[in-house]
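Q: Below: one structure in structure tokens.
Throughout, read-outs are computed from the coordinates displayed, never taken from laboratory work. Everything quoted here is computed from the prediction, not taken from an experiment. Positions of Cβ are backbone-derived with ideal geometry, glycine not excepted, and every protein chain shown enters the neighbour counts.
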Amino acid sequence: MKANIGINDAHLLGTATLLNVLLADEFTLYAKTRNYHWNVAGPSFMEMHKFFEGQYEELDEIMDEVAERVRMLGHYSLGSLNAFAKATRLTEGQDESNTMKMIQSLLNDHETIIRACRNDINTVQDQYKDAGTADFITGVMKSHEKMAWMLRAYLR
């Protein structure tokens, strides 16, 4: 059944499209964080292994919420690796063996998502007239700001 929530079809589609790009970014960052969790090594192995685990678990929750928000708007969420790879603004990255390079790479991706969210909040609010999704994206952005802060703390 079609969503009848006071937002026209074109605006719902525009918002869902932006959210699906965000979902692709979240999935790409999740996969990279999980990769680093599996492959971190060195004197801080246990600390970083647990740290990356906490971050990918939070990203998993964000992904689910973004996908469900797309569904609430009456559209389908992306769900395949191929679709995520085509839609993401991030790069998958290389296998890193240096923990500080892993942290920097993840920080760069979080900051990319933060900047994209800031832009998308304005688009969704002003162009698509969807205050609920603008608020939702604000919450996602705040989660990434906290994760970025934690990553940044390791880099001094």
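Q: Identify all lysines with a Cα-Cα distance to LYS50 below 22 Å; exclude those on the same chain that are fewer than 8 residues away in sequence.
A: Cross-link targets: LYS32, LYS101, LYS142, LYS146.
Q: Which of the lysines could be linked to LYS2 by a straight reach, that is with a Cα gap under 25 Å, when you skip same-chain ones fewer than 8 residues away?
A: Once the sequence-local lysines are set aside, what remains near LYS2 is LYS129.
Q: Let me make sure I get this right: for the range 66-131, a, b and c are the square roots of the gyration tensor eigenvalues over alpha carbons, sorted descending. Under 1.5 in a/c it's rounded, otherwise prolate if a/b > b/c, else oblate. Which is it?
A: In terms of gyration-tensor shape, oblate.
Q: For mean projected area of the Cα convex hull in nm², several values are listed as (1) 10.4; (2) 9.0; (3) 17.4; flag the one computed from this structure.
A: (2)
Q: Only Lys, Arg, Asp and Glu count, each charged at its Cβ (+1, +1, -1, -1), so figure out the dipole size of the range 91-156 about its Cα centre, rounded to 20 debye.
A: Computed about the Cα centre, the dipole is about 320 debye.
Q: Still on this model: Rounded to the nearest 500 deg cm²/dmol, what is the calculated helix-only ellipticity per residue at 222 nm for the chain, with -39500 (n - 2.57) per DSSP H run of length n ≥ 4?
A: After summing the helix terms and dividing by residue count, I get -26000 deg cm²/dmol.
Q: A follow-up question, please. Relative contact order of the chain: what whole-number percent is it, with Cα pairs under 8 angstrom and at least 6 residues apart? Mind dumping the intermediate values first?
A: Working: 174 pairs, mean separation 48.0, N = 156.
Contact order relative to length: 31 percent.
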